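The values are calculated or read from the model by the stated rules, or taken from the named source; none is laboratory data. Everything quoted here is computed from the prediction, not taken from an experiment. As a convention, Cβ positions derive from the backbone with ideal geometry for all residues, glycine included, and neighbour counts pool all protein chains shown. Remember, those area values only see protein heavy atoms, side chains included, never the ligands or the DNA or RNA. Shrake-Rupley method; radii C 1.70, N 1.55, O 1.52, S 1.80 Å.
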Amino acid sequence: MAKLGGKVMVTGGAGYIGSHAVLALLDAGYEVVVVDNLVTGFDWAVDPRATLVEANVADDERVRATIRDHGVAAIVHFAGSVVVPESVTDPLKYYRNNTAATRSLIESAVSEGVRHFIFSSTAATYGTPAKVPVQEGDPTVPINPYGMSKLMSEAMLRDVAAAHPMNFAALRYFNVAGADPKGRSGQSTVGATHLIKIAVEAATGKRDSVAIFGTDFDTADGTGVRDYIHVSDLAAAHVAALAVLVARPADSHILNAGYGRGFSVNQVLDAVDRVTNQTIERRYAGRRAGDPAELIADNSAILATLDWRPERDRLDTIVEDALAWERKLGEMGR
Ligand code: UD1
């Protein structure tokens with residue numbers, strides 16, 4: 001582990017991806033302080049080895065005091081709103097919770113001398129790519145306020161890193177799924193919209209069926225194709241990114257976080273059927289607004305830049321881990 005010289009602050013560390021990053025950082029030996037307002041996150045999802053500060057990331061006073069009190073040397077920023085259709089109907093919520101809150105947090109980081117910043121960005125920054133696999137240098141033309149709110153945050157980081165002694169890594173996530181293989185965390189959001197979450201809810205009897213949004217895309221089987229990445233591999237990428245930021249303080253990075261291969265909706269549902277040895281009912285529905293046919297990462301940059309290799313990239317492994325967590329949620333009465 002690179003020598004950081006302080007703690008890591010994880011915003012949104014009580015949420016789905018953030019809680020897995022907290023586990024990965026703790027397992028790698030870092031000390032972690034979580035800042036989360038617990039609006040969509042859960043306090044029980046935060047590993048007890050971390051300190052939890054219940055606060056909004058835009059609360060400058062609390063955030064700055066936390067940075068000082070804990071000797072924070074790096075920030076990993078997950079907190080934000082993530083529901084794409086909601087961003088269309090309530091764009092100002094996204095520009096507040098994602099863009100404006102990130103601006104506040106970056107300002108707190110700069111004023112307190114935090115040297116490293118890792119940002120959870122998204123493939124939604126590309127909009128509908130002209131070609132797949134999509135590369136980091138390809139045009140970023142978001143088709144919804146969610147993607148734009150994250151792209152604006154990337155721009156702020158780029159400008160701030162050029163002006164102040166801070167470097168950053170923005171990871172553009174593709175479709176995150178699965179759960180901690182040790183069963184310590186998983187996707188716990190009620191009313192989630194993600195395909196694999198919905199499919200394992202159907203497999204555990206929480207839903208009757210899964211709707212397939214569009215069967216007439218220009219893909220091999222007509223259904224949408226996505227690059228599903230295991231949340232634990234994604235969490236490990238943040239740990240690897242931190243090491244690189246510390247080792248090379250003059251360099252910043254924008255990196256696709258995906259595996260570079262895609263699966264269709266039907267292939268995902270086939271995997272769920274295979275893993276559970278049952279058949280979930282598929283309903284054919286129309287396309288969902290704003291869904292691109294195919295979204296696949298070119299991941300050569302992340303592979304070249306970070307000491308990181310996918311470990312749980314089989315689709316069946318992702319589904320098995322998601323399913324195990326869904327069953328555990330049931331046992332926990334959630
Ligand atoms: C979107 C965003 C992504 C964001 C994520 C979480 C874009 C391009 N991507 O991913 O950045 O992080 O939401 O909010 O905006 N599907 C069904 N039936 C369902 C659910 C989904 O057929 O019940 C299909 C979708 O049409 C799509 C695929 O499954 O083809 C994956 O959908 P989903 O899991 O919702 O993620 P994205 O929309 O790809």
Given H placed 1.01 Å from N in the peptide plane, which residues other than close sequence neighbours of Ile229 have an amide H under 5 Å from its amide H? Asn175, Val176, Ala177
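May I ask you to rank Glu201, Glu107 by accessible area, largest first, using a 1.4 Å probe over the protein chains only? Don't skip to the end; give the middle numbers.
Numbers: Glu201 20, Glu107 85 Å².
Highest to lowest solvent-accessible surface, that is Glu107, Glu201.
Show Tyr284, Tyr228 ordered by accessible area, largest first, where the area counts protein heavy atoms only and the probe is 1.4 Å.
Working: Tyr284 150, Tyr228 15 Å².
Reading off the accessible areas and sorting them downward yields Tyr284, Tyr228.
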Within the chain, which complete DSSP H helices have Cα atoms spanning at least 20 Å along the helix axis and a mean Kyte-Doolittle hydropathy of 0.0 or higher? 145-163, 231-247
Rounded, prolate or oblate: pick one for region 101-229, where a ≥ b ≥ c are the square roots of the eigenvalues of its C-alpha gyration tensor, a/c under 1.5 means rounded, and failing that, prolate if a/b is larger than b/c, else oblate. oblate
Can you compute the FRET efficiency between Glu331 and Arg248 using 1/(1 + (r/R0)^6), with r the Cβ-Cβ distance and R0 = 45 Å? Round to the nearest 0.05. 0.50
Once ligands and nucleic acids are excluded and a 1.4 Å probe is used, how much of Phe213 is accessible, expressed in Å² to the nearest 10? 80 Å²
Antiparallel DSSP bridges in the chain: what percent, to the nearest 5? 5 percent
Highest-fluctuation residue, Arg158, Arg226, Arg207 considered, GNM on the chain with Cα pairs under 10 Å: Arg207
Under a 1.4 Å probe, counting only protein heavy atoms, Lys150 has an accessible area in Å², nearest 10, of 10 Å²
Towards the positive end of the charge dipole of the chain, with charges on Cβ (+1 Lys, Arg; -1 Asp, Glu), say which of Pro129, Met148, Val239 has the farthest Cα. Val239
For the chain, accessible area per residue (1.4 Å probe, heavy atoms of protein chains only), Å²: 42 Å²
Which lysines does Lys93 reach when only Cα atoms under 20 Å apart count, and residues fewer than 8 places away in its own chain are ignored? Lys150
To the nearest Å, what is the center-to-center distance of region 1-67 and region 283-334, using C-alpha atoms only? 23 Å
If Leu303, Leu255 are ordered by their accessible area, calculated over protein heavy atoms with a 1.4 Å probe, which sequence runs from highest to lowest? Leu303, Leu255
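Can you tell me the dipole magnitude for region 1-146 around its Cα centre, using point charges on the Cβ only (Lys, Arg +1; Asp, Glu -1), in Debye to the nearest 20?
Numbers: 11 positive and 16 negative charges, 60 e Å.
In total the dipole reaches around 300 debye.
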Would you list, by chain and number, the lysines whose Cα falls below 25 Å from the Cα of Lys328, excluding same-chain residues fewer than 8 positions away? Lys182, Lys197, Lys206
Tell me whether region 1-86 comes out rounded, prolate or oblate; compute the Cα gyration tensor, take square roots of the eigenvalues as a ≥ b ≥ c, and use a/c under 1.5 as the rounded threshold. oblate
Expected output is a single nm value to one decimal: the length gained when fully extending between Ala220 and Ser104, i.e. 0.36 nm times separation in residues minus the C-alpha distance. What is it? 37.3 nm
Could you pull the accessible area for Val265 with a 1.4 Å probe, rounded to 10 Å²? 20 Å²
Scan around Arg288 for amide H atoms under 5 Å from its own, H built in the peptide plane at 1.01 Å from N, and keep only partners 5 or more places away or cross-chain. none
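Can you tally the net charge around Phe174? Count Lys and Arg as +1, Asp and Glu as -1, for every other residue whose Cβ sits under 13 Å from the Cβ of Phe174. Walk me through the intermediate numbers first.
On the way: positive: Arg172, Arg226, Arg261; negative: Glu136, Asp227, Asp233, Glu294, Asp298, Asp313.
Net of charged neighbours comes to -3.
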Using 19 Å as the cut-off for backbone N distance, which residues of region 251-275 belong to the label zone defined by a point 7 Å from the Cα of Arg207 along Cα→Cβ? 263-275
Of all the accessible heavy-atom surface of region 58-114, with the other protein chains kept in place and a 1.4 Å probe, what percent is carbon and sulfur? 53 percent
For region 204-295, percent of DSSP beta bridges that are antiparallel (nearest 5) comes out at 20 percent
